[in-house]
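One structure, pasted below without further comment.
The values are calculated or read from the model by the stated rules, or taken from the named source; none is laboratory data. Bear in mind that the values here come from a model prediction, so they are computed numbers and not experimental data. Neighbour counts are summed over all protein chains in view; Cβ atoms, including those assigned to glycine, are modelled from backbone coordinates with ideal geometry. To get the accessible areas, we keep the full protein, side chains included, count just its heavy atoms, and leave off ligands, DNA and RNA. Shrake-Rupley method; radii C 1.70, N 1.55, O 1.52, S 1.80 Å.
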Amino acid sequence: MEDLIKHQYSVGVLCRNIGIYMGLSSKEIELLETAAFFHDIGKLFVPKSLLNKKEPLSIEEFELVKMHSLYGAELLKKIGFDSTVVSAVRHHHERYDGRGYPDGLCGEKIPLFSRIIAVADAYDVMTAGRVYKKPLPHDKAIEELIRYSGTQFDPEVVKIF
C-alpha cells in the first residue's frame, strides 16, 4: 500500500509540473493533480495477487486489471468528484494511437489530463520498477517515452515532459 501511495504522489507531482509548464490555470492544475493522485484508486477492487504477480498475467487476469480505470472512475463519480477528474481517471490508459482502454480513444479525443497522466504514470513506473520488472535509469525511461511518442503517448506531452 505504501508503494501505491508513493506512486500516486509522484505521478501527481509530475503532472503538476507538466501542467504548470503547459500554462494551465491554477484550477486546472488542482483538478489535474487530483486526477493524478486518484488515477489508480480502482486497483483497490482488483485482487492484490494479480497486482503483485511476478509472472506474466493471463489474458483473463489482464482483463481484470484493466478494469481498474473503470472502477476508479465509477467510485469517484459516486463520491461526487468533478467530471473532469472522473474522465481523466477513466481514460488514463488510452493510447494516442487508439489501441488503449477502456474506450479505444485516440489522439486529441483522449482528455488532456489523461494524456498527461499517461506520460507521468509510465515514467514513474519505469523508474520505480515493479515486482516483475527492475527500475530503469532516468535516461532510459526518457528514451522509452520518446520511442513511444505518437503511438502510446501524446507527442506534445512527451516533448514538454
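Mind checking the dipole of the chain: about its Cα centre, +1 per Lys or Arg Cβ, -1 per Asp or Glu Cβ, Debye to the nearest 20?
Here the size comes out at about 240 debye.
Moving on to the next point. Rounded, prolate or oblate: pick one for segment 39-161, where a ≥ b ≥ c are the square roots of the eigenvalues of its C-alpha gyration tensor, a/c under 1.5 means rounded, and failing that, prolate if a/b is larger than b/c, else oblate.
Oblate, since a/c reaches 1.5 and b/c is not below a/b.
Mind checking the per residue accessible area of the chain for me, 1.4 Å probe, whole number of Å²? Write down the numbers at each step before the final one.
Values: 9120 Å² over 161 residues.
Ligands and nucleic acids excluded, the figure is 57 Å² per residue.
Where in segment 61-90 is the amide nitrogen less than 15 Å from a point lying 7 Å along the Cα-to-Cβ axis of Lys53?
Flagged as within label range: 61-68.
Using a 1.4 angstrom probe on the protein heavy atoms only, could you order Ile79, Ile41, Ile18 from most to least accessible area?
Reading off the accessible areas and sorting them downward yields Ile79, Ile41, Ile18.
Follow-up. Below 19 Å, Cα to Cα, which lysines can Lys134 reach? Residues fewer than 8 away in the same chain don't count.
Of all the lysines, those that pass the test against Lys134 - Cα under 19 Å, at least 8 places apart if same chain - are Lys6, Lys53, Lys54.
Would you rank Asp154, Asp97, Asp139 by solvent-accessible area, highest first, keeping every protein chain in place and using a 1.4 Å probe? Could the numbers behind the result be given before it?
On the way: Asp154 10, Asp97 60, Asp139 85 Å².
If we order Asp154, Asp97, Asp139 from most to least accessible, we get Asp139, Asp97, Asp154.
Okay, next question. Quick check on segment 99-161: take the gyration tensor over C-alpha atoms, sort the square-rooted eigenvalues as a ≥ b ≥ c, and tell me if it's rounded (a/c under 1.5), prolate or oblate.
prolate
Another question about this same structure. Which sequence of Ser26, Ser87 reflects their accessible areas, 1.4 Å probe, from the largest down?
From most exposed to least exposed: Ser26, Ser87.
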